[in-house]
Structures are given as structure tokens and as C-alpha cells.
Amino acid sequence: MRLLLSSLFLKSPFEGLQRHADKAKECAQLFKEAAVCHVEGRCKDFDALTDQVARMESEADSIKRNIRNHLPRGILMPVDKFQFLQYLGEQDKVIDEVEAALYWLSFRPRGLPKEVAPDFLHLVDSVIPSIETLAELVRMAMDFFRSKSEDQRKKMKRLIQDIRQHEKEADLLEQELKGMVFGNIQDALVVFHTVRLVEIVGDIADHAQNASDRMRAMIAK
């Protein structure tokens, strides 16, 4: 009977978590499109794309609140509640940082300095896989907590390793880009703006890795 109740309960938190992860994935693609639009100056849709991300962030917040308000008490929780909420919090921060990056980018309507613009877009590209992989990780988690399949656990661990590798690559690009900014730009205000922007984008990958680490803890034997 306990197993049956647990299986029924899985429909609530993990389906909500999946909807939240899918919002993050949608934001990732809009983020990339908006960054290219702004930096390359080839379209006029940056504000509209930013507004879309803001709406999705608001929708993700609503999903997050709904999950938190409907978590069960006691034995029905199939994973540690604290770890589950930590995962949700880190995944939510991914979306928050995407919105923050676009907001910060908007402070320079004329775009980024040409010396760093291509490398900034490279950094943006490097964080997208981490966000998108979270949606797949949650889908696999839903199956794993129903089946407890060892094969599924191994697949999830490989995805978690992929996210960690993406974060390392993004971190390296972030450090290289900061060095480029300090070495090629003289205007102190531009340096401050660009470095802070780069840090925010780097934080996206950091929170994705943090989320994957919480998932690893949840599936640990």
C-alpha cells in the first residue's frame, strides 16, 4: 500500500518540476536569440524577447510556489524533501539569472564593445546545454523514482557529468573573457558593465550544476 501511495504521489511534485524545467529550457532559447539580437544589432525584437523571458520567469515562479505549497508530509515523499526543495531552488535560479542577464544587457542599448562581442556570444552558447539538459534530467528522474532502475540511474549520472563539464567550459570562457575586457577596454564604466554581465551569464551554468548536484544526491544509494 505504501508503494502504491508513493507512486500516485509522484504525479504531483515531479510533474510540476518537469513543467518548471521546461520553462527553463524555453527561456534558454529565448536568451540565446535575444543575446544575438542585441549584440549583433540585426533585429529589433530584443525588448519583446526580454518581455517573453520575464513572463516565463513569472510563470516558473508560480509553478515553484505551487510545488512548495503542495508537498506532502511524512512517508509519502519519495525523496528527501530538503534535497528536493534545494533542487527546485537552484533550477529556479537558472531562470532568474537568464532574466537578470538580459536586464543587465539592456543597459547598453548600443551593444557590447566589438572587442568582446563574439566571445560573449560564445559564452552564451556555452551555458545553453546546461539549461536544456536539466529538462531531460527531470524526465529521467520521474522514470527512475517509479522504477528504481539501475540502468536509469547510470544514465542520469552521465547527464549530471555532462552538466558539470559544460559548467567547467563556461567557467573557463568566463575567465578568458574577463581578461580580454581588462586588456582591451579603457572605459571604466564599460569594463564594469561587461564584467558584471559576464559573471551573471556564468552564474547560469553554476546554478545548473548546483541543481544537478542536488539531483545526484537524490538518486544516491
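Can you spot a residue in region 117-126 that is polar (S, T, N, Q), at pLDDT 95 or above and in contact with a helix residue (DSSP H, G or I) (Cβ under 6 Å, 6 or more places away or on another chain)?
Yes, some residue in region 117-126 is polar (S, T, N, Q), at pLDDT 95 or above and in contact with a helix residue (DSSP H, G or I) (Cβ under 6 Å, 6 or more places away or on another chain).
Within region 172-183, is even one residue part of a loop (DSSP other than H, G, I, E, B), over 30 Å from residue 142 (Cα atoms) and either of a type in the set (S, T, N, Q) or in contact (Cβ under 8 Å) with a residue 24 or more places away in the chain (or both)?
no
Might you check whether a residue that is of a type in the set (Asp, Glu), at pLDDT 90 or above, out of contact with any Ser or Thr (no Cβ under 7 Å at 6 or more places or on another chain) and closer than 17 Å to residue 33 by Cα occurs anywhere in region 75-93?
no
Considering only residues that are in a helix (DSSP H, G or I), under 29 Å from residue 23 (Cβ atoms) and without any contact (Cβ under 8 Å) to a residue 40 or more places away in the chain, which ones fall in region 184-221?
Within region 184-221, 195, 199, 206 meet the criteria.
Results for (1) touching a Ser or Thr at 6+ places or on another chain (Cβ under 8 Å); (2) within 30 Å of residue 66 (Cα to Cα); (3) crowded, with 17+ Cβ neighbours inside 10 Å; (4) among the hydroxyl-bearing types (Ser, Thr, Tyr), shown as yes or no for each residue.
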| position | (1), (2), (3), (4) |
| --- | --- |
| 95 | no, yes, yes, no |
| 108 | no, no, no, no |
| 128 | no, yes, yes, no |
| 156 | no, yes, yes, no |
| 167 | yes, yes, yes, no |
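Could you tell me whether any residue of region 136-143 is under 24 Å from residue 208 (Cα atoms), among the small types (Gly, Ala, Ser) and either at pLDDT 95 or above or crowded, with 17+ Cβ neighbours inside 10 Å (or both)?
Yes: region 136-143 contains one or more residues that are under 24 Å from residue 208 (Cα atoms), among the small types (Gly, Ala, Ser) and either at pLDDT 95 or above or crowded, with 17+ Cβ neighbours inside 10 Å (or both).
In region 105-150, how many residues are assigned to a helix (DSSP H, G or I), closer than 17 Å to residue 33 by Cβ and touching a residue at least 40 places away in the same chain (Cβ under 8 Å)?
Going through region 105-150 one residue at a time, the tally reaches 13.
The values are calculated or read from the model by the stated rules, or taken from the named source; none is laboratory data. From a predicted model like this one, the values you see are computed outputs, not experimental measurements. No Cβ is skipped: glycine too gets one built from the backbone with ideal geometry, and neighbour counts run over all protein chains shown.
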